[in-house]
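First the structure, in the form of structure tokens, and then the observations on it.
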Amino acid sequence: MSGPPAQAWLNALLVLVEQLQLGLLSLWHALGLTGDSHGQPAWPWARRMAAETLLIDLGLARQVGLTLCAVAVAVLAMALALAWRRRRGVLLAGAALALVAAPWPSASLLFVPAAPTSFHASPTRFAVDSIAHGARVYAQHCTSCHGTDGRGEGPLAASLAVWPPTLAGPLLARRADGELFWHVLAGMRDRQGRSTMPAFGDRLGEREVWAVIDYMKALSAGSGAEGNWPVPLRLPEMAIRCADAAPLALSQWRGDQRVRLVTVDGTTPLPFEDPRFLTVLVTPDGQPPAQVPRFRAGCTAIASHAWQAVAAIAGQAPSRLAGTQLLADRAGWLRARGTPGRPWSDANLVCVSGPAAGTPAASSSAPSSVPDGLTALLLRMDAEPVRFVKGGFVH
Ligand code: HEC
């Protein structure tokens with residue numbers, strides 16, 4: 001009994017459910033049966049399949065998986081029946097049997113309310129400029145209820161009928177971006193139809209809403225100060241310059257090389273280059289530090305807001321950020337946060353997808369020569385990739 005781990009088939013199922021719905025949306029849009037909403041094809045139905053429910057209800061997920069298999073078998077049998085006259089009766093009976101025998105899941109569990117933007121993708125690429133823009137929007141419109149730290153304890157919070165949720169928990173990771181977008185634009189209501197979260201559609205433009213979602217994610221990661229981050233984050237997009245070459249987008253390394261962001265100001269010692277990852281220096285003003293000879297400078301972030309965005313993600317005040325490091329895996333997920341002056345260890349992991357940090361994972365197979373902290377961390381990041389599913393994360 002050594003099938004693939006539960007998470008592998010579950011992840012595949014969630015991706016399939018997502019792709020099926022996106023495929024249907026594209027088809028409807030191509031046929032002209034649905035228009036656009038906020039620049040992307042609008043989801044035409046009031047409900048959608050709830051990937052986030054499947055993620056926590058394995059029994060339901062199994063039923064959905066088996067039913068999808070049965071439907072695939074039935075469709076295949078019917079297609080064969082069209083071509084193969086002599087066996088038509090048997091094939092059609094087989095198709096009917098597959099459909100009858102399938103463990104159809106309960107619709108009320110599987111389907112949840114949807115918005116026209118449920119399947120929208122954020123156009124911002126989680127760029128540092130967008131995070132900084134979002135910080136301004138958040139400070140102006142959201143802190144009164146959600147609080148500067150996002151824990152839902154702003155000055156107005158106590159006077160509301162419903163307490164604002166804390167962003168320091170997994171809420172933002174559980175919701176599809178498109179639904180967060182809709183909730184900010186259109187507001188939210190309780191079961192009796194009373195407004196709970198105000199609508200911002202008349203005050204904020206689309207770009208501002210996508211930006212504030214980016215900032216809330218950064219804030220959420222930064223507020224989970226200890227241990228695991230509640231929201232897995234991509235390396236933020238930013239322009240960087242390597243030696244004298246033309247500026248490049250940091251995402252260019254995604255899928256290829258690990259990236260380490262090192263925040264340095266005039267006082268911090270510069271890191272050594274390390275061939276195991278691309279080192280990018282982040283400075284308060286986007287200029288390479290004066291004390292670095294060119295050949296050692298590696299790459300420097302030239303995006304002016306990089307310092308502020310990294311500070312939000314790392315949960316540090318910008319004035320105390322210098323020396324903090326962020327490490328991203330080859331797929332571009334931020335996985336570890338380094339503290340100035342301390343050696344790397346498993347305790348630096350902020351995004352763990354296997355056993356919780358600190359548990360002696362796979363210690364029985366560990367080689368007798370124990371690798372140093374950073375090597376062990378990199379090996380673990382490679383061995384336990386982040387599994388990502390829209391609308392729900394396996395983390
Ligand atoms: C008047 C107080 C108030 C203000 C101002 C406010 N919110 Fe909220 N917000 C709430 C409350 C209350 C809820 C919980 C609503 C519920 O669960 O029904 C909420 C929920 C949310 C959620 C969770 C949505 C979800 O999918 O569950 C997000 C995201 C959010 N707010 C973002 C924002 C942003 C961004 C701003 C500023 C542009 C903002 N809020 C301003 C009160 C407020």
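The values are calculated or read from the model by the stated rules, or taken from the named source; none is laboratory data. Model, not experiment: these values are computed from the prediction. Here the Cβ positions follow ideal geometry from the backbone for every residue, glycine too, while neighbour counts run over all protein chains shown.
Observations
- Within region 165-216, the set of residues being more than 24 Å from Ala311 (Cβ to Cβ), touching a Leu at 6+ places or on another chain (Cβ under 8 Å) and within 6 Å of the ligand (Cβ to nearest atom) comprises Thr196, Phe200.
- Helices (runs of 4 or more DSSP H) contained in region 97-193 and holding at least 3 residues β-branched (Val, Ile, Thr), surrounded by 14 or more Cβ atoms within 10 Å (Cβ to Cβ) and out of contact with any Lys or Arg (no Cβ under 6 Å at 6 or more places or on another chain): 128-141
- Any chance Leu261 is modelled with pLDDT of 95 or more, in the same structural domain as Trp333 (by TED's automatic domain parsing) and buried (at least 21 other Cβ atoms within 10 Å of the Cβ): yes
- Flag for Ile240 being of a type in the set (A, V, I, L, M, F, W, C) and away from the ligand (no atom under 12 Å from the Cβ): yes
- Residue match in region 54-74 (condition: within 25 Å of Leu27 (Cβ to Cβ), among the charged types (D, E, K, R), assigned by TED's automatic domain parsing to the domain that holds Gly23 and not in a helix (DSSP H, G or I)): no
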